Amino acid sequence: MVKKIGIFLQMIKFEHTVFALPFAFMGALLGSVVMFGELPSWSQIGWVIIAMFGARSAAMGLNRLIDRISDAKNPRTAGRAIPAGLLKVGEVSLFIAFSFFLLFWAAFKLNPLSAKLLPIAVFLLVFYSFTKRFTWACHLILGLTIALAPLGGWVAVTGTVDGTAMIFYFTIVFWTAGFDIIYSCQDVDFDRKEGLYSIPVRFGVARALGIAKVFHLLTALGFISLLFITDLSWWYVAGMLIAYIIMFYEHYIVSPSDLSKLQTAFFTMNGVLSIVVFSFTLIDLVVQFYK
């Protein structure tokens, strides 16, 4: 059983939760402070964690299930759980169903708006895995999906959506789309052969990396705009400076002629960035709250 759980966690890349979960917490934190002038409750944070685990697990399970045939053909992904025979299709299907149950349970425990927005969340979670079969804009669809984490965190504690929440949402949309473009550069030859779509396939690796830079510039503008429309202050600014250095370094170590550091740019840099942004936001608001 322990071994099987480990295989499931490996399938959904549990360690990649570090990308979205800190921003879910940041959405909950900002929403609670901006709307009510108080920190979110531990109960709210707990349900956000359950919702996040359910949503991400369902999305990754679906992605692995839908892509199992193409994964088996790609040397980079042939060792994944389903094509390698470590998990059966039925087992993964049950896992997906249970994950959606967790998402629905948490949403209904939070507030009415969280429950009402479930159809949109479920649609995006399911729809994304099909998009690379027909559009190079799949990276933006992934961004719209992953960015549900901060928006969901905001809605979870406020029961509303406003302009600040949407600015935060689209900031994470472009951040996600940018690093996904970089990540997809490693599969450009395989994707062309299999007739799959991506920005590197459509525009070439060099232009794709340029588009990723533009997306991350929009991310930088989005983050700094939060400074002017919320009560965030100097601790947040310090975190932003570190985050901007990380984004610059991410693009510095990857070039069309050298993708050898792509895994570092994808996982290490973006994982650190999300933790840094959340941590400095938390410090900023807690320091102000307890003055």
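The values are calculated or read from the model by the stated rules, or taken from the named source; none is laboratory data. As the structure is a prediction and not an experimental result, all values here were calculated from the model. Cβ: placed from backbone, ideal geometry, glycine included. Neighbour counts: every protein chain shown. Keep in mind that these areas ignore ligands, DNA and RNA; they rest on the heavy atoms of the full protein, side chains included. Shrake-Rupley method; radii C 1.70, N 1.55, O 1.52, S 1.80 Å.
In loop segments of the range 1-89 as defined by DSSP, the trypsin sites (Lys or Arg not before Pro) with at most 10 further C-beta atoms inside 10 Å of their C-beta are R76.
The loop-placed chymotrypsin sites (Phe, Trp or Tyr not before Pro) in the range 90-196, going by DSSP, that have at most 13 neighbouring Cβ atoms within 10 Å of their Cβ come out as F134. 3J(HN,Hα) along the range 274-280: 5, 5, 4, 4, 5, 4, 6 Hz, from the Karplus curve 6.51 cos²θ - 1.76 cosθ + 1.60 with θ = phi - 60°, whole Hz, x for Gly and Pro.
Per residue, the chain exposes 46 Å² of accessible surface when a 1.4 Å probe is rolled over the protein heavy atoms with every protein chain present. Ordered from largest to smallest accessible area (heavy atoms of protein chains, 1.4 Å probe), the residues S99, S70, S41 come out as S41, S70, S99.
If I take R0 = 25 Å and measure r between the Cβ atoms of W234 and S41 in this structure, what FRET efficiency does the formula 1/(1 + (r/R0)^6) give, to the nearest 0.05? The formula returns an efficiency of 0.40 here.
What the phi angles of the range 214-227 give under the Karplus curve with 6.51, -1.76 and 1.60, with θ = phi - 60°, is a coupling list of 5, 4, 6, 5, 5, 4, 4, 5, x, 4, 5, 5, 4, 4 Hz, glycine and proline written as x. Under a 5 Å amide H cut-off, with hydrogens placed 1.01 Å from N, Y197 pairs with R133, F134, T135 among residues at least 5 apart or on other chains.
Just one of (1) 212; (2) 155; (3) 123 is volume of the Cα convex hull per residue in Å³ as worked out from the coordinates here. Which one is it? Working out volume of the Cα convex hull per residue in Å³ from the coordinates points to (3). Apolar share of the accessible surface for the chain: 71 percent from carbon plus sulfur atoms, 1.4 Å probe.
Converting phi to 3J(HN,Hα) with the Karplus coefficients 6.51, -1.76 and 1.60 and the offset θ = phi - 60°, the range 149-156 yields 4, x, 5, x, x, 4, 4, 4 Hz in sequence order, with x at every glycine or proline.
For the range 232-277 versus the range 4-67, the inter-centroid distance based on Cα atoms is 21 Å. When F289, F280 are compared by accessible area of protein heavy atoms, the largest-first order is F289, F280, using a 1.4 Å probe.
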